[in-house]
Structure formats: C-alpha cells, structure tokens
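Participant: First the structure, then my questions, so here it is.
The values are calculated or read from the model by the stated rules, or taken from the named source; none is laboratory data. Just so it is clear, the structure is predicted and the values come from calculations on it, not from any experiment. Quick reminder, even Gly has a Cβ in these numbers, built from the backbone with ideal geometry, and neighbours come from all protein chains shown. The protein model used for the area step is the full one, side chains on, heavy atoms only, and it has no ligands, DNA or RNA in it. Shrake-Rupley method; radii C 1.70, N 1.55, O 1.52, S 1.80 Å.
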Amino acid sequence: MTWSATARGAHQPDNTAFTQQRLPAWHPLLSASITLPLFFCAGLAFLGLGLGLYYSSNAIQELEYDYTGDADEGSCATCATEDQGRAPPPRCSCSWYFTLSELFPGPVYLYYELTGFYQNNRRYGVSRDDAQLSGLPSALHHPANECAPYQYSAGLPVAPCGAVANSLFNDTFTLWHRRQPDAPYVEVPLDRSAIAWWTDYHIKFRNPPLVNGSLALAFKGTAPPPNWPVPVYELSSDPNNTGFVNQDFVVWMRTAALPTFRKLYARIRQGNYSAGLPSGAYRVDIAYNYPVRAFGGHKLLVFSNISWMGGKNPFLGIAYLVVGSLCIVMGFVMLAVYIRYQDQDDDDNDDE
Amino acid sequence: MWRWVRQQLGFDPPHQSDTRTIYIANRFPQNGLYTPQKFIDNRIISSKYTVWNFVPKNLFEQFRRVANFYFLIIFLVQLMIDTPTSPITSGLPLFFVITVTAIKQGYEDWLRHNSDNEVNGAPVYVVRSGGLVKTRSKNIRVGDIVRIAKDEIFPADLVLLSSDRPDGSCHVTTASLDGETNLKTHVAVPETAVLQTVANLDSLIAVIECQQPEADLYRFMGRMIITQQMEEIVVAVYTGMETKMALNYKSKSQKRSAVEKSMNTFLIIYLIILISEAIISTILKYTWQAQEKWDEPWYNQKTEHQRNSSKILRFISDFLAFLVLYNFIIPISLYVTVEMQKFLGSFFIGWDLDLYHEESDQKSQVNTSDLNEELGQVDYVFTDKTGTLTENEMYFRECSINGIKYQEINGRLVPEGPTPESSEGSLSYLSGLSHLSNLAHLTSSSSFRTSPENETELIKGHDVFFKAVSLCHTVQISNIQSDSIGDGPWQSSLESSQMEYYASSPDEKALVEAAARIGIVFMGNSEEIMEIKILGNLERYKLLHVLEFDSDRRRMSVIVQASSGEKLLFAKGAESSILPKCIGGEIEKTRIHVDEFALKGLRTLCIAYRQFTSKEYQEIDRRLFEARTALQQREEKLAEVFQFIEKDLILLGATAVEDRLQDKVRETIEALRMAGIKVWVLTGDKHETAVSVSLSCGHFHRTMNILELINQKSDSECAEQLRQLARRIKEDHVIQHGLVVDGTSLSLALREHEKLFMEVCRNCSAVLCCRMAPLQKAKVIRLIKISPEKPITLAVGDGANDVSMIQEAHVGIGIMGKEGRQAARNSDYAIARFKFLSKLLFVHGHFYYIRIATLVQYFFYKNVCFITPQFLYQFYCLFSQQTLYDSMYLTLYNICFTSLPVLIYSLLEQHVDPHVLQNKPALYRDISKNRLLSIETFLYWTLLGFSHAFIFFFGSYFLMGKDISLLGNGQMFGNWTFGTLVFTVMVITVTVKMALETHFWTWINHLVTWGSIIFYFIFSLFYSGILWPFLSSQNMYFVFIQLLSSGSAWFAIILMVVTCLFLDVVKKVFDRQLHPTSTEKAQLTETNASVKCLDSVCCFPGEAASAAVRRMLARAVGRCGPAHLSRSWSASDPFCTNDRSVLTLSTMDSSTC
C-alpha cells in the first residue's frame, strides 16, 4: 500500500567495495609450492628445538624413593604394616638412606609424590570453601555446604572445612648428611618457604582477623578437621606460616590434575648446600603418618633439580623431534609427488 | 457465558451469516428489530508482537525450536540436580542466543509496526454527520462514506458510490494488489452516481448486502438496496484485517533448505554421540565404583544423604550430570550464527550492482533469507516462457484474414506466400488503407503495390477483422490522453497514433496498436460507447457486454451494437478455444496458418464473430443479467451463459504477435546446462510456438533429437508412446534428447505412468512442457521433487500463473516484469531479468553454499574439540564428572572466543573469484548434491575434531608426565592449569583452523581472527588476575598467568597447535596436488592477481604512512575510493592485468558460441 514514485536510479545499490564484495583481500593457497619450503623450514626448526629441549631435559637429575613400604624392604615397611587402614593412623617414623657419589647440582627441590590419589575427583575437589579460606569471618562460622561431610564436627563448624583440607598430607621429612663415613649426620636445612604460589600464599589465602591479637581466639568456636591432630592455628609455630596461610596447607589445597601427582615439599639452597647436594651419605627421616595403602596408593620422595623449563620430562623434546622429522619426511614425500605430478599438470593445462 | 469466552479467545468463529449487511453511513433502521452486525475496525496489523506480548510470545516461539528447547531442558536439569557445571554455563549462552534472536525478530517487527502505523495513520476524509471529517485511516468503520482524491490510496475495500464525473466512473489502478498498473474503469450504480455533494450523500439511506470477506481479489458480489470529482465518494465495505489485501497476505509455507536438513541430521548424530558418551561414562563410573577404595576412600567420604540415596536415582542423576557435562557438543550458537549469517548475508544479493536492472531501476529482492545456500544446489530449473525468457513486449507481426496470410512491414500489411486468387485484391485493399491514412508512406513503399485502382471492393470483408481487433479488448486510454482526445474527437489519424494504450495484457495492447497502425484506430470508450476511427471516419459502437477473459475458456468476447443497430459478438482467444466453436469462415486454412505462425515462435490468437438477431440478443441479455446478479454460484452460472453465447462463431482470422527474447537468455541457458542443471521450460503457449522459442533461446539445439509426447488421448496410448520414447532413448544415448510434452498428455502421463515418464525425463537434457495450466506446472515440480534423487528445484516465473510453481519449488524466483508483482511477491528471490539467474546461482549461490557448509561443519568440529578432552579427562578422575575447564570458559567458548571468525568467514568468504565462477559454470558441479555436507565430509570434520581433541588432551597429559613441575621455580600446577592449557591450545587451534579454511583475507578477517586469539589472552589475563568477589570458587586465580610464565607451556602450545594443523595441511596439500577439483584449479588462475597479505591488513607497498592510514580509514568505512579499486576489475587495475586477459577471453568465448 505504501509505494512512492521515486527518482530514476533511486534503488541503485551503492557501489562500494564492501557491498560489491570486492574488498581488497589476500588469497593464500595451500599449494605444494608454498607448503614445501614451509614444511622444510618448520621441520628443521622443530628438530633444532627438539634437540635443545631433549638435552636440557636430560641434564636434569632426579632421585626418587618409594617409601610406602609394602615391598617389605626398607625401614618403612614396619610402619606400613601398622594398621594403616584407619585414619588417622598411629604415628610411626622410618628412614631412607642413600649416598651420592658426586654433587647433585642445585638448586635441589624436594617433592613428595602420591599415586592413586584422586585429588581431581569432583566430590573431593569441590569440598572446600574459598570464602572461608580467604579469612571471611562469616564464612569461617558457616562453611559452604560443599564441605559436607566435613562441614560440621560435633556441631562446630570445621575450619578449614572440606575433604581437601581434611586430607592434608602430614608426613614430614628431615634430611641429614654425612660427609665422611664416620662423621655424624648433619641436618641439611630445608627451605620450606615459597613452595606455594606467591599469589595463593599472599592474597588468596588469608587468616580471619585476629581477636585480641591471637589467632587461636579468631578460630574460637570452630573445630579442626576430623583427621587433624592439631587445630589449624597450630600448624606451625611461625606466626607468619600458620592458620590458613601455611605453605604446606596452601600447596595441598591446589588440587592436582591427575591421580599421580607431586607436590613441592622444600627447596635446598641454604648454607653449604646452595650449590646442590655434595657427595656423601644421606638419611631422610620420615614421620610416616599418611595412610595410602587403603586405596592402593604409593608415597614417593623425589629430589630433583630444575631448569628454566621445569622438571625432568623428555616428552617435549621427543615430541618436537618426532613432529620435526615428520615435517621433513612429509616435505620429501610432497616434493616427490610435486615433481611427479607437475608434468601431469602441464599436460592438463595443454589440454585446456 | 462460556460460549462468549470461547468466542473472544478465538476458539469458536463468531456466528456469521453468509452475507453482511452494511448500512451506508451507519444509518441503522429506527425500528428496534435490527441487530447490528459487528465489524472489526480498519486497523491493519501485519506485526506479530506488541510491546506487552513481545517477551512471552517471542520466548514461546523460540522455545518451540528443538535446539533451544533442548538447552532449556539442560539448563533446568542443572538447576535441579547437583551437576558438575553451574547453570550459568548453559544458561548464559542460551540467554545470549535467545536475546540475539529476539533482537533480530524485534527489529523486524518494529519495521512492520512502522509501516502499519504509516498505513493506519494516513489521513482520510469521511462523511459523518453531514460534513466531511478528516480522520485517520484506522478510524474508518464499515459503512462509512469515504472521499478519495486523485492519486490517493484506498484505505480499505470500498464500493464506489459516485465520482465527480457525471457518469459516475473512475479509473483505478491495482498496482499494490496485483501489480497491474493499467487503469481499470469502475462505474457507480446510476442511482448513487448522481449524488455528488456531501449534502446529497448525507441524505442517502441505503443498504449493501454482500458476502463475508474472502481473499479472491477479483470477486465481489453484493447488491445495494436504496429505500428512497477528480474525487470519488465511496463506502467502506471491508475494513482492517478483513480487506482483500490483508486476506491475501499469505503465511508463506516454510521452505527448508537442504543444508538445514543435513544440519538436523548432524545434530541427531551428535545427540547420539552425546548420549552414548554419557551412557559409557555412567557405566564406567559404576564399574569403577564397585571397588570401595575408589568409591569412598578415607579422604573422600560421602555424606549420609549421599550414601542413603537410592541406587536408581543416583544412576539417573549421574547420567543427567554427564549429559550436562558433555552437552556442549551440541553447538548451541549454531542456529543463531546460521540465522545471523543468512540475515546479514542476504543483503549482498540486494546490493549487487550486477543484479541491478538500470532500465527499470530494480534491484534484486530477497524475500526470504532462509534459502540463500539453496541457490548453490539447484539441479533443475523450471522456467516460464512469457515474460521470463521473453521480454513480454509484444509486436504484431503477421495475421491471417479469411485464409490469407499478411505480414506487417513498416506499418503496412503485405500478403505473404502464394495465394494467387486473392492476393491482388487484398493487397489493393491494404495499400488503399495506407494510401488513405498516410500518403507519404504509400509512395515510399509503392513497390509493394500491384493494383491500386480496384481498391474499395474488398474492404468490407476485411475491415471486420480489424474492427474486431480494435473492439474486442479491455484496453484503456490513459486519463490525460483521453481527455485531450475528448476535447477534439475529430483529430487526424496521424495524431491519434501518439495515443497511449494501457492494457493488462501486452498481447491486447500490441493488437490494438497494430490495428491503429493499419488505420482502424480505437479512440477510447466514453460511457458505454466505444469509438473507433476507420480511415478517419468515426464509428460508434455501443458496448453491451464484455465476456471477460479467463484461463479456463482461454478467450474473451464483447457484444456491441453498431450504429446500424445490429448486435455483434466479437470473440478472441487461443485457437484451441475458438476454432471448435466456429461454424463458418476459412477454418482449415486459418488452422494451417496458425500452425505456421507458431512455428516461427509467434503467439497466435484467433478472431471470430457472431451476429445476433434481436430475439437472440434479448435472451442473451436476460440470461447474462440473471447470472451476473446471482448471489450464489455466480461463477458457474456465468460460465454456463458464456458457453451458451460463444458458439456458432464465424472465423475471421488469426493474429500472430512476436514476443522478443530477453537479453542473454541463450547464454544463460547454456551456462545453466554447463553447470549440470537441467532446464525445463513450462509454458502455456501452444506446442509449435513453444518449440520454436525453445530453439531460438538455446533450450533446444538443432542437433538434439526432439521427442514428442503430445495429443495423447487415452491412458494406454500414452503409456505406449512413453515406452517407445524410452526405447528410443536407450537405443540412442549418444545424441542429446529433448522432450516436448503438452498439458493433456502430461496429466495422462502423471496420472498412471509417473515412473515411466520420470525415467524418460531424466534421460532428456532438455524438456519443454507446453499448454500447461498453472497447477500442472506446480505438479510437475512436485513430481520431480519427490523423485528418488530428491533433486533441488528452482522455478522462475513472472506472472500470477507462475505463483503456484514458485511456491512449490525449493527455490522460487520471481521476475519483476510487466505482468504485475504477484510472482515477485510470492517468490523467495525476485530479480529483474532472466540473465541475472547466472550470477545469482553461480556466484551468490556458490558462495552462500560454501560459506554455510563450512560454517556448519566447523561448528560441529569446534564443539567436538571442545568436549572430547572433557570426556577423556573422566578416565583420569574416576568418572566423577570433574570439569576440565573453568565455568567461565565453558560459557564463553562458543559465544566469545570462537564465534566471530566463523561468522565473518561465512559472510565474506570467496574461495574463487566471482568472475571466474560466473565464467566457468562447470564449477557449480563441484558443490552439487550437497557435497560439502555429505556424510564423508562430515565424518572427516568430526574425526578431525576428535583427533585434534586427542592431541590437545594427551599432549598436555604427557607434558605433565608424572606431574613434574613446569615452572622454573619448581612450584606445581593444579588441575585448573591443566584444563586451561588444553583450552588455550584449543582456542588457538580452532581459530587457526578457521584461518586455514579462509581463502579470502580482508582486513576484517585479519581483525577477527587474530583479534579473537588476542581477546582470549587479554580476557584470561584479566579474568585470572583478580579475585572475583561474586564468584564462590576462586579456582582460576592466577592460573592463566602462572601458565604463561612457564616456558614449557609455551613450547607445548606451539607444538600442539602445529601438530593439529599439520594433519590438516598435509591432507589439503595432497588433495590439491593429486586430484584437484576444478574449483581448486580455478583458484590457481587468480593467484597472480592476489593482494599480498600485508596489503589486505593495512597498507599498500611504497606508500607514505599517512596515505596508508587514510586508506585504511576509508576502507574501514567501506567506501571504495577511486584510488584503490584494486579488486574491481576495472580497466585501471594494475593488479589484475594477467588475470583479466584470461577472463575477458572466456567471456568472449561464451558470448560468441
């Protein structure tokens, strides 16, 4: 019903590059002639990188010891047999002896490794209250429902609540060194600081505000997690490393991606050991508390040094080498095909 | 009461009598017996929503879609049970999708509201309480008397009461109804025609009784009972949504494209994958949990509630949780992206200058954007002939009078062929005519004259023919012209030739014009007198009756009374409808001549007359009046009377009119055939005409073996003929075959022998169906549509008779021609010329198909990539439904990180230059049969998605190894870092994969592709850099930054992205090298002309930076400045020189062959 007589040419579309679909454009083509050099270049680059990565990973040393004790060897076997089914198990201690014939270059990192432990189980992973851990007083006394069944203990709110906190790894290690066969063991200082992410330790995890300058009063009215022998404010005697802001606790709270995982326990970089562990006999005293045999898991101690790219993992280097050589092989195959079919293409063109 | 409620809600139609009674000016009878009928007001509502019902109604409409409903269910499941992901992850994308769609639909509805308001608010003058009142269109009530001035638009359906002319006539154009722009005369009832003033009208007390509203535009029956101007006084009869126009708004049948169908198939496949993944996970979860040490180790005890819940319930809720976890494998934003792509992409058709017809100032129209990609899939083209292949501009060429053929040469008739006995006489007659009308003409062409001396004798026998031609029609003379003629009715014939005729049928116009050239000039009709001027002498005929044309009778007649008092009937129509009714005249000779005309591709009409005795006439008059005033079954009665009147005719002769072929029809048909498209011509013309036009437009070749299936009378005969044809085709499969079928044989063939007929048709490279009724056209298309190969059909037509076929075909194309806009209005796409079809299909169709096919495949691919790592992760987390990615990433993956590159790709991609596509129609075959969405291609993409997902996941898994530290300071990553690593690799890979598919890199593509990746990084840095106060878990805090601070992670990201794409690149290169498709070959031809990558991003080499920036700005605006028309194929284009020489050559080839 609404039509109006308009001027001639009024409906003529605009003549712009966009409306006429002729914006200036680059037309890349994945033809053999372009991809061939690309493949060779990429292949060579990857091979080079792969070699570099492989050797840098190979230079890293690792020393690990399974102290679970179910193989009936080592002193931890006795601990292992002691009623490990229940939690918390009785206290037990054992030792691991080893000797280094040469310097284990530093800085050396001490990890503990657990296997068969599913920190990534969803029911486990969500069983925490980040608000409580950030020191929010209201959350301290009203833990999130996800924490159940570690939400309330005997009517008192659990702090820190949840399965993750409750299962805090509580084996402790001390490292002793003996330079000469008959010399006494000297304790090697373990630096337990900066094992957690800086941001976690300084920002994400906060203690609730002190009451009368006392952390214990701040946690008044809460219960420790059922498995914990001590309340959270007694995790460490160091006032800067206790409560929720305890390095071990913060490390544990960053749940691992896979059922086999390592967590950093300490760094060895102080005193005579800043260059690494010198040769000699060593003893690790282990407070064997953490029960793993119930779920078929293992506990390992790992000494490792670190390069710029992290721990020892040959995968990256090998993968680079494989992909690089695949590129080059493909490059050659393509070259062969290219040369062979080039003639045919010419024929085809002649036909046209 | 209940009944009233139901009526108001629209369940029961309100009680309606068959007729409505309208009291003019709403003057109801005073006695109380009258119960007023209720009529709706004159508000036109084409909009769907109001402000109030928009939200609920639109939501309802949207959730009727299966996909949206599915996501709603998932969302509700997430709300109800304990699921691994928060309801936000599926709620937000759903909200986004719904909002975008709602905005689009709201915008469209807003446009409709605007146009409604414009119509409803138009000022009108209504007679109320004795005076003219200005009011708005929407306030008109049924029964109001409305005054319409010249050139105004009717606000409702109106009945003419009077006009400012004494005879109460007015001229009306129906362009907005059916597109016919000719003037139609309407005459008021004499009783009201005299009431020309408002005061007079005010005193009118009258009642109109008429039928209830119906959609048929050409039918209105009613009677007025009266119990007592370039402007017109009219009374409103139907208002608002009951106007015939509103009733003609058809809710268009939803056509679905092949792409959409395969999309739905893919969705179902993915749904199956989803459900089986969920089932597998659930089963594995329970096998794992059989051991207590995994189900409930000491460190991860269950609550009492969890322990005690019933096993079956737990099983179901676990299954649902897995369903929720994996639900993103169904691409939620697929539909909204496809919709946006179609909506935005369809603008390019309207914008295309190549599809713009300058002469008529018409650009192409897209009436539905749902079918863009279907244009790239056409297997069959069904085209109308008249107005589609031809111009629909008729030129009178030849005629046959009393068995003698004449040709019109330079405005004179010249006999043709060996007709010795009468050639002299007729010639002299004709030259006599010319002599009298135009002496100059005569002398200039005197060589044709043989014997000018004996001229007068034979005029009598022949002028009847031309009188018939100039009387038997419905041609109008335009208002202004007729006025001037009215002033001086005795003009010379020379001046009269400047008159302009307007006719609804171009044939009629051509005939009347031809008669005028010959010397018998139609001068117009005033009141009921038709004036014709024969050689300068005015003759008046009283027009008694017009027996209008209809497509069943295929003829029309007029009954006139000559000044001598004799009453004559002149009939004009198709030879098949006139000749059987004739009892006198040179029937046999004329039949031969008509066939000869048809062979030349001319359109023929036969002319006959009948003389009535006054007794006969009285009976006819009476019967006609009865039929015309009948309220019931008027049409049947009229047809019966017409049948009675149009008989015992005496044949006068036949006319032959030429309809010129449109520009480049032959090339277009040729190109369509090269593209592997079968072309069928469906026409109402007679067999010979159709065949000869087919030959001239290249539809049939001279070398083709033409098979015929015509004039079949019986079933068995038809079957026999079909079998014969099938045999002939089998024997001779070297030559191309063409098939000619006519309407009657076709209906026989379709009734019993569909299979046989289809068999024959499929083996013919060209099929021509002549003598087709509109519904038959549609039926043929339906038949092809449902044949086993399920081909995609496209119908092109220009007239109202093509509407049914346009609506039946998968894609309906309307030609905006001379026969009105009905076809264009009902079509999916409307173009101005047949030749535009080649660009529409080969370029736009091809592009749209490639774009949307890749879009669909890519969407499924990227969601497989997205969800498969999540599935794999379950194997490492005891099937505990732990998510790999953070909720925010789950939410934003589809709507932010990966949405734009594919959308831009699907709007701008041009894998081959458009000129190459247009000049090499064979490229169209590369995408036929929905090739890019075939199950193989789909499997390839899906497998690619799976393999990429394996690479992301296991690459990251092995990188972690025995969970070694990846940081230089020995600290450890957690599960969220692991997931983020996988996610980062995925976003990059998926985006670069899109980049690999892109062959047309404009600055926009660069912007969105690299922009998406950069956006991901910036977003993640920001997101993980802050402790978000409103989030309950702070899992992601500093995770991304820690990830990026690891050198290993960087190396791993590069490695995994390269490895993923390596597979794909290798496949692409080998495909291209070993068996390139013709499309890939065509891509090579243009590499010389390509713009360098950097050019397309920002600047051209060798330019000052300022100029480059200016250019970039200009390009951002989209204006194509003269300096950088670099891809426009203009003559001043240095980039494309090499290429253009190739292209122009091929253009020449195609035009010369």
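Participant: Output the number of the condition that residue B:52 fails; it satisfies all remaining conditions of (1) modelled with pLDDT of 60 or more; (2) within 38 Å of the chain's Cα centre (by Cα); (3) loosely packed, with under 14 Cβ neighbours inside 10 Å; (4) part of a helix (DSSP H, G or I).
Facilitator: Against the list (1) modelled with pLDDT of 60 or more; (2) within 38 Å of the chain's Cα centre (by Cα); (3) loosely packed, with under 14 Cβ neighbours inside 10 Å; (4) part of a helix (DSSP H, G or I), residue B:52 comes up short only on (4).
Participant: For the range B:737-745, does any single residue satisfy the condition of being surrounded by 15 or more Cβ atoms within 10 Å (Cβ to Cβ) and either more than 31 Å from the chain's Cα centre (by Cα) or more than 17 Å from residue B:685 (Cα to Cα) (or both)?
Facilitator: At the first step, the residues of the range B:737-745 found to be surrounded by 15 or more Cβ atoms within 10 Å (Cβ to Cβ) are B:737-745.
Checking the rest, the ones that are also either more than 31 Å from the chain's Cα centre (by Cα) or more than 17 Å from residue B:685 (Cα to Cα) (or both) come to B:737-738.
Checked the range B:737-745: at least one residue is surrounded by 15 or more Cβ atoms within 10 Å (Cβ to Cβ) and either more than 31 Å from the chain's Cα centre (by Cα) or more than 17 Å from residue B:685 (Cα to Cα) (or both).
Participant: Continuing with this model, one more query. Which pairs do you get when a residue that is within 12 Å of residue B:845 (Cβ to Cβ) and at the interface with chain A (Cβ under 8 Å from one of its Cβ atoms), found in the range B:342-359, comes within reach of a residue that is open to solvent by 20 Å² or more (accessible area, probe 1.4 Å) and not small (Gly, Ala, Ser), reach meaning Cβ atoms under 7 angstrom, with the pair 6+ apart or on two chains?
Facilitator: Pairs that qualify, where the first residue is within 12 Å of residue B:845 (Cβ to Cβ) and at the interface with chain A (Cβ under 8 Å from one of its Cβ atoms) and the partner is open to solvent by 20 Å² or more (accessible area, probe 1.4 Å) and not small (Gly, Ala, Ser), are B:348/A:21.
Participant: Could you tell me whether any residue of the range B:392-399 is open to solvent by less than 10 Å² (accessible area, probe 1.4 Å) and on the phi > 0 side of the Ramachandran plot?
Facilitator: Yes, the range B:392-399 contains at least one residue that is open to solvent by less than 10 Å² (accessible area, probe 1.4 Å) and on the phi > 0 side of the Ramachandran plot.
Participant: Residue B:865 passes all but one of (1) in contact with a Gly (Cβ under 7 Å, 6 or more places away or on another chain); (2) hydrophobic (A, V, I, L, M, F, W, C); (3) under 28 Å from residue B:783 (Cα atoms); which number fails?
Facilitator: (3)
Participant: I need the full set of residues from the range B:116-148 which are part of a loop (DSSP other than H, G, I, E, B) and either among the polar types (S, T, N, Q) or closer than 14 Å to residue B:24 by Cα (or both), in order please. First the steps, then the outcome.
Facilitator: Restricting attention to the range B:116-148, the residues satisfying the condition of being part of a loop (DSSP other than H, G, I, E, B) are B:121-122, B:129-130, B:140-144.
Selection gives B:129, B:130, B:140, B:141, B:142, B:143, B:144.
Participant: Does the range A:304-318 include one or more residues that are within 11 Å of chain B (Cβ to nearest Cβ), in a helix (DSSP H, G or I), open to solvent by less than 10 Å² (accessible area, probe 1.4 Å) and modelled with pLDDT of 90 or more? Don't jump to the end; show me each part of the working.
Facilitator: Looking only at the range A:304-318, we keep the residues that are within 11 Å of chain B (Cβ to nearest Cβ), and these are A:304-318.
Filter once more, keeping what is in a helix (DSSP H, G or I): A:315-318.
From what is left, the residues that are open to solvent by less than 10 Å² (accessible area, probe 1.4 Å) are A:316-317.
Now narrow it down to the ones that are modelled with pLDDT of 90 or more: A:316-317.
Yes, the conditions are met somewhere in the range A:304-318.
Participant: Are there helices (runs of 4 or more DSSP H) fully within the range A:103-182 with at least 1 residues that are more than 10 Å from chain B (Cβ to nearest Cβ) and open to solvent by less than 20 Å² (accessible area, probe 1.4 Å)? List them.
Facilitator: A:130-133, A:137-141, A:163-166
Participant: Does residue B:214 qualify as being at pLDDT 65 or above and either open to solvent by 50 Å² or more (accessible area, probe 1.4 Å) or closer than 30 Å to residue B:115 by Cα (or both)? Explain how you work it out, then say what you get.
Facilitator: Numbers: at pLDDT 65 or above: yes; either open to solvent by 50 Å² or more (accessible area, probe 1.4 Å) or closer than 30 Å to residue B:115 by Cα (or both): yes.
Spelling it out, residue B:214 is indeed at pLDDT 65 or above and either open to solvent by 50 Å² or more (accessible area, probe 1.4 Å) or closer than 30 Å to residue B:115 by Cα (or both).
Participant: Do you know which of the residues in the range B:874-895 that are in a helix (DSSP H, G or I) and out of contact with any Ser or Thr (no Cβ under 8 Å at 6 or more places or on another chain) is nearest to residue B:296 (Cα to Cα)?
Facilitator: Filtering the range B:874-895 for residues that are in a helix (DSSP H, G or I) and out of contact with any Ser or Thr (no Cβ under 8 Å at 6 or more places or on another chain), the one nearest to residue B:296 (Cα to Cα) comes out as B:888.
Participant: If you check residue B:23 against the conditions, is it open to solvent by 60 Å² or more (accessible area, probe 1.4 Å) and either modelled with pLDDT of 85 or more or more than 28 Å from residue B:890 (Cβ to Cβ) (or both)?
Facilitator: Values: open to solvent by 60 Å² or more (accessible area, probe 1.4 Å): no; either modelled with pLDDT of 85 or more or more than 28 Å from residue B:890 (Cβ to Cβ) (or both): yes.
Answer is no for this residue.
Participant: Checking residue B:360 against (1) assigned to a loop (DSSP other than H, G, I, E, B); (2) under 30 Å from residue B:658 (Cα atoms); (3) open to solvent by less than 10 Å² (accessible area, probe 1.4 Å), which test does it fail?
Facilitator: Every condition holds for residue B:360 apart from (3).
Participant: Also: Return only the number of the condition from (1) at pLDDT 70 or above; (2) buried (at least 19 other Cβ atoms within 10 Å of the Cβ) that residue B:179 does not satisfy.
Facilitator: Single failed check for residue B:179: (1).
Participant: Right, another one. Residues B:1016, B:1023, B:1037: which one is away from chain A (no Cβ under 13 Å), buried (at least 20 other Cβ atoms within 10 Å of the Cβ), modelled with pLDDT of 90 or more and more than 21 Å from residue A:30 (Cβ to Cβ)? Please lay out each step first, then the result.
Facilitator: On the way: B:1023 fails: buried (at least 20 other Cβ atoms within 10 Å of the Cβ); B:1037 fails: away from chain A (no Cβ under 13 Å).
After applying the criteria, what remains is B:1016.
Participant: For a quick check of your reading of the model, give me the residue pairs whose first member lies in the range A:19-43 and is under 30 Å from residue B:354 (Cβ atoms), whose second is of a type in the set (Gly, Ala, Ser) and in a helix (DSSP H, G or I), with beta-carbon atoms closer than 6 Å and at least 6 apart or on different chains.
Facilitator: A:24/B:1096; A:25/B:1096; A:26/B:1096
Participant: Taking the stated definitions as given, is residue B:835 closer than 16 Å to residue B:354 by Cα, touching a Lys or Arg at 6+ places or on another chain (Cβ under 8 Å) and open to solvent by 10 Å² or more (accessible area, probe 1.4 Å)? Steps first, answer last, please.
Facilitator: Details: closer than 16 Å to residue B:354 by Cα: yes; touching a Lys or Arg at 6+ places or on another chain (Cβ under 8 Å): yes; open to solvent by 10 Å² or more (accessible area, probe 1.4 Å): yes.
When the stated conditions are applied, residue B:835 passes them.
Participant: Further question: In the range A:263-297, which residues are in a loop (DSSP other than H, G, I, E, B), open to solvent by less than 10 Å² (accessible area, probe 1.4 Å) and within 11 Å of chain B (Cβ to nearest Cβ)?
Facilitator: Initial filter on the range A:263-297 (in a loop (DSSP other than H, G, I, E, B)): A:269-270, A:274-275, A:278-279, A:288-292, A:296-297.
Narrowing further to those that are open to solvent by less than 10 Å² (accessible area, probe 1.4 Å): A:288, A:290-292, A:297.
Scanning the range A:263-297 gives A:290, A:291, A:292, A:297.
Participant: Among B:651, B:602, B:624, which is over 29 Å from residue B:386 (Cα atoms) and surrounded by 16 or more Cβ atoms within 10 Å (Cβ to Cβ)? Break it down into steps so the answer makes sense when it comes.
Facilitator: Values: B:651 fails: over 29 Å from residue B:386 (Cα atoms); B:602 fails: over 29 Å from residue B:386 (Cα atoms).
After applying the criteria, what remains is B:624.
Participant: Another question, if that's okay. Can you tell me which of (1) within 36 Å of the chain's Cα centre (by Cα); (2) away from chain A (no Cβ under 12 Å); (3) buried (at least 24 other Cβ atoms within 10 Å of the Cβ) is the one residue B:844 doesn't meet?
Facilitator: Of everything listed in (1) within 36 Å of the chain's Cα centre (by Cα); (2) away from chain A (no Cβ under 12 Å); (3) buried (at least 24 other Cβ atoms within 10 Å of the Cβ), residue B:844 misses just condition (2).
Participant: Still on this structure: Where in the range B:564-661 are the strands (runs of 3 or more DSSP E), entirely inside, with at least 1 residues that are aromatic (Phe, Trp, Tyr)? Let's see the steps before the verdict.
Facilitator: Details: elements: B:567-573, B:582-584, B:603-612, B:649-661.
Per the criteria, B:567-573, B:603-612.
Participant: Further question: Got a number for residues in the range B:954-972 being facing chain A (nearest Cβ under 7 Å) and more than 57 Å from the chain's Cα centre (by Cα)? Before the answer, list the steps.
Facilitator: Restricting attention to the range B:954-972, the residues satisfying the condition of being facing chain A (nearest Cβ under 7 Å) are B:958-968, B:970-972.
Applying the additional criterion that residues be more than 57 Å from the chain's Cα centre (by Cα) yields B:960-968, B:970-972.
Residues flagged as facing chain A (nearest Cβ under 7 Å) and more than 57 Å from the chain's Cα centre (by Cα) within the range B:954-972 amount to 12.
Participant: Which of the helices (runs of 4 or more DSSP H) contained wholly in the range B:458-518 include at least 1 residues that are modelled with pLDDT of 70 or more, among the basic types (Lys, Arg) and more than 37 Å from the chain's Cα centre (by Cα)?
Facilitator: Numbers: elements: B:459-471, B:479-487, B:493-496, B:506-518.
Where helices (runs of 4 or more DSSP H) fall fully within the range B:458-518 and carry at least 1 residues being modelled with pLDDT of 70 or more, among the basic types (Lys, Arg) and more than 37 Å from the chain's Cα centre (by Cα), they are B:459-471, B:506-518.
Participant: Here's something else I'd like to know. Could you figure out which of (1) modelled with pLDDT under 95; (2) open to solvent by less than 40 Å² (accessible area, probe 1.4 Å); (3) facing another protein chain (nearest Cβ under 7 Å) isn't true of residue A:260?
Facilitator: Checking residue A:260 against (1) modelled with pLDDT under 95; (2) open to solvent by less than 40 Å² (accessible area, probe 1.4 Å); (3) facing another protein chain (nearest Cβ under 7 Å), the one that fails is (2).
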